[in-house]
Amino acid sequence: MEDSRKKLFSIRALKHYFPVRGKRNMFVKANDGIDIDIYEGETLGIVGESGCGKSTLGRVLLQLYKRTQGSIMYFGKSLDYIPPKYIESIAKSLDKHKRTISNLAKIRDAKKVEMENAPDNFAIIEEYNRAAQQHDAAYIPVVSLIGGLYVHSDSNAVKLAYIEWYNAAQIAAKLRRRREEVELDIDEMQYNFSNSESENSAEKPNSGKKGTSAKEVDHQKLERLKSIKADFDKKEAEASEFVKAKFAEIEKLHTQCNNDPNYAEHEAFRSDGIDLSLLDEEDMRLLRKDMQIIFQDPYSSLNPRMSVGQIIGEGLQAHKFFKKNSQRQQEYVMKTMEDCGLAPYMIHRYPNQFSGGQRQRIGIARALAVQPTFVVCDEAVSALDVSIQSQIINLLQDLREKSNLTYMFISHDMSVIKYISDRIGVMYVGSFVELCSAEKLFEKPMHPYTVALLEAIPTTDAEGAKKEMKILEGDIPSPVNPPPGCKFHTRCQYVTDICKEVEPLLEEVEEGHFVACHHRLGQ
C-alpha cells in the first residue's frame, strides 16, 4: 500500500559484496538484494545478529562504500541542486541503455511465462526473481532521469532535451554556489562590524590624518559585496527560469508516450530523486553534509590530536559554513556542544580528557553541527554503560524532534531498538526478513527469525520469569556462500522444500508490515 509520508530514501535491489582476499570470484555478500523506503522524520531501527550487514547498509547509504548493484534514490535535494553528471552520460548513451533494458525485459518475461506454466517448479521461480531484479536494477537509473522521462523511439529529441537541461542546471548550480560564497563574506563582515561597534561605543579620532579610515574601507567593501550578490541573484534567477523551461519541454515529451503499452511499467519506477549510487565523488561531496554518521566506538572515532572545537569545526570548514578562524564558528560550536549536553568551556580540551559518554556526545555534536537531514547511528550506545545509554538515547530523541532529523538506528539490542524506533527492520545474512512498526513487531511478529530474537530477550517480570528463555540454535550461514532459497532455512523449525530452493521476496502482508517468508506466522 502507498504510504502518504514523504520519502527520504528509496532503496531497490541493493547489493554490496566485499572481495575475499586471495580468492578469485569469491565475495562476502554483506548486503544482498535490499528493498526498503525511509521516510522523513522517522527513526528506522535495524536489528539482527552480528555480521548480518547492518553497519554495511548504513555505510553504503552514505556512500562510504560504493554499492555493487542496485539504486539508492535520495529525495532530500532536488536534481537542480547538483545536477548529477550521470544524467549527461546516460542521456548520451540512451540507445545503449534501451537495448540493455529491452534484452533484460525479454529474459524476465520469458521466465515469467515459464513460471506461469510450471507454478510448482522452484528453480524457475528463483530464475524469474533473479531476472526481474536485474531488469529493475538497470531500469531505475534511466527512468529516474529528471523526473522519469519515458524513453521512446525519438531518442534524438530526448537526448538533446536532457543535455540542454543538464548544461543549464550546471550553470545555475555554479551561480548559486558563488552567490553562497559571497553571502558568507557578507555575513562575516556584518558580524565583525556588529562586534566592533559594541566594543567601541565611540569612534576613535583619526589622529588628524587625512584619507579614508579602515572602517570606511571595510564598509565600502561590504557594499561592493552586496552589489556582487545582487548581480548573482539576477543571473541565478535567469538561469533557473531556463532550467524550468527545459524541464517543461521534457515533461511535454513525456506525456506524448502515455499510449505506449510499456508506459505503465515505467510509471511504477518513475522518480524525481537523485541516485546516490551513480554519483561521482565531486557530486557526492555536495550532499555529504546532508548525511552523517555517529560511530560505534567513542574512543577510536575521535582524533586524539585535535581539540573538541577542532573536531566539531572540521566539517563546518569543509562545507564552508564559516570563514577560516571565524569567531562566529567558535560561538556556533559552543552552542552545538551545549545542545548535545557538553559544557562550552570544554571546547579546548582533548578527547583523552573525557569519559565514554562525553566522547559519544562529541561524536553526536560533530555529526549534527553541519545540520544534516539523515544520521546513521551505528551501534551508538553499545559501548556505553547502561546508565549512560539512556542519556544518549534521550538526547538523540530530543535532537530529532528539535531538528526533524531522520535516523537509521543500528543495534543488536532489542530493548533499545523498541524504545527509540518508529519502525524496525530485521536483517539476516544481508537481507531484510521483516519490516514494520515497532509496536506491531513486538505484538505480532510473523517471521520465525524475528520470533527467535524476541524469545531470546531476558525478562524480569513475573509472567516472563515462568517462561524458559529460548536460544536460537545453529550457526549463522556464511555470507560468502549462503544457502540457496531462504537463508534462514538451516535454522528454522518450519522449513519445507520450497524454503530450500526459492528465496522469499519481502512482501507487504498487512498495511505497513513486510515479511520475507514462505510460512508466515500468525496468519
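Data overview
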read-out	value
Test for residue 241: is it among the charged types (D, E, K, R), open to solvent by less than 80 Å² (accessible area, probe 1.4 Å) and either modelled with pLDDT of 90 or more or out of contact with any Asp or Glu (no Cβ under 6 Å at 6 or more places or on another chain) (or both)	no
Of all residues in the stretch 293-302 being assigned to a loop (DSSP other than H, G, I, E, B) and touching a residue at least 24 places away in the same chain (Cβ under 8 Å), the one that is farthest from the chain's Cα centre (by Cα)	299
Elements of type strands (runs of 3 or more DSSP E) in the stretch 1-114, at least 3 residues being modelled with pLDDT under 95	7-19, 27-39, 69-74
Enumeration of residues in the stretch 229-277 that are in a helix (DSSP H, G or I), hydrophobic (A, V, I, L, M, F, W, C) and under 22 Å from residue 176 (Cβ atoms)	230, 232, 237, 239, 242, 243, 245, 247, 248, 250, 276
Candidate set: the stretch 256-289, residues that are of a type in the set (S, T, N, Q) and over 12 Å from residue 147 (Cβ atoms); chosen: the one surrounded by the most Cβ atoms within 10 Å (Cβ to Cβ)	277
Exclusive hit being under 14 Å from residue 63 (Cβ atoms), of a type in the set (Ser, Thr, Tyr), in contact (Cβ under 8 Å) with a residue 24 or more places away in the chain and touching a strand residue (DSSP E or B) at 6+ places or on another chain (Cβ under 8 Å), set 277, 271	277
Residue 438 being more than 30 Å from residue 477 (Cα to Cα) and open to solvent by less than 30 Å² (accessible area, probe 1.4 Å)	no
Candidate set from the stretch 311-328 (those that are part of a helix (DSSP H, G or I), under 12 Å from residue 369 (Cα atoms) and not aliphatic (A, V, I, L, M)); member that is most open to solvent (accessible area, probe 1.4 Å)	314
Per-region count, the stretch 115-126, residues open to solvent by 50 Å² or more (accessible area, probe 1.4 Å) and either of a type in the set (Val, Ile, Thr) or not in a helix (DSSP H, G or I) (or both)	3
The lone exception for residue 323 - which of (1) in contact (Cβ under 8 Å) with a residue 24 or more places away in the chain; (2) under 26 Å from the mean Cα position of the chain (by Cα) it fails	(2)
Residue list for the stretch 400-417, filter: farther than 18 Å from residue 435 by Cβ and within 18 Å of the chain's Cα centre (by Cα)	400, 403, 404, 405
Contacts under 6 angstrom Cβ, first residue in the stretch 79-106 being among the aromatic types (Phe, Trp, Tyr), partner part of a helix (DSSP H, G or I), 6 or more apart	86/278
Conditions (1) in a loop (DSSP other than H, G, I, E, B); (2) more than 27 Å from residue 290 (Cα to Cα); number of the one not met by residue 129	(1)
Residue match in the stretch 19-26 (condition: buried (at least 18 other Cβ atoms within 10 Å of the Cβ) and not hydrophobic (A, V, I, L, M, F, W, C))	no
Single match in 339, 290, 283 (criterion: in contact (Cβ under 8 Å) with a residue 24 or more places away in the chain, touching a Ser or Thr at 6+ places or on another chain (Cβ under 8 Å) and charged (D, E, K, R))	290
Number of the condition not met by residue 522 [criteria: (1) surrounded by 13 or more Cβ atoms within 10 Å (Cβ to Cβ); (2) within 30 Å of residue 128 (Cα to Cα)]	(1)
Members of the stretch 407-425 that are hydroxyl-bearing (Ser, Thr, Tyr) and part of a strand (DSSP E or B)	407
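The values are calculated or read from the model by the stated rules, or taken from the named source; none is laboratory data. Quick caveat, the model's predicted, so the values are computed rather than measured. For neighbour counting, all protein chains shown are included, and Cβ atoms are generated from backbone atoms with ideal geometry for every residue, glycine included. These accessible areas exclude ligands, DNA and RNA; they are computed on the full protein's heavy atoms, side chains included. Shrake-Rupley method; radii C 1.70, N 1.55, O 1.52, S 1.80 Å.
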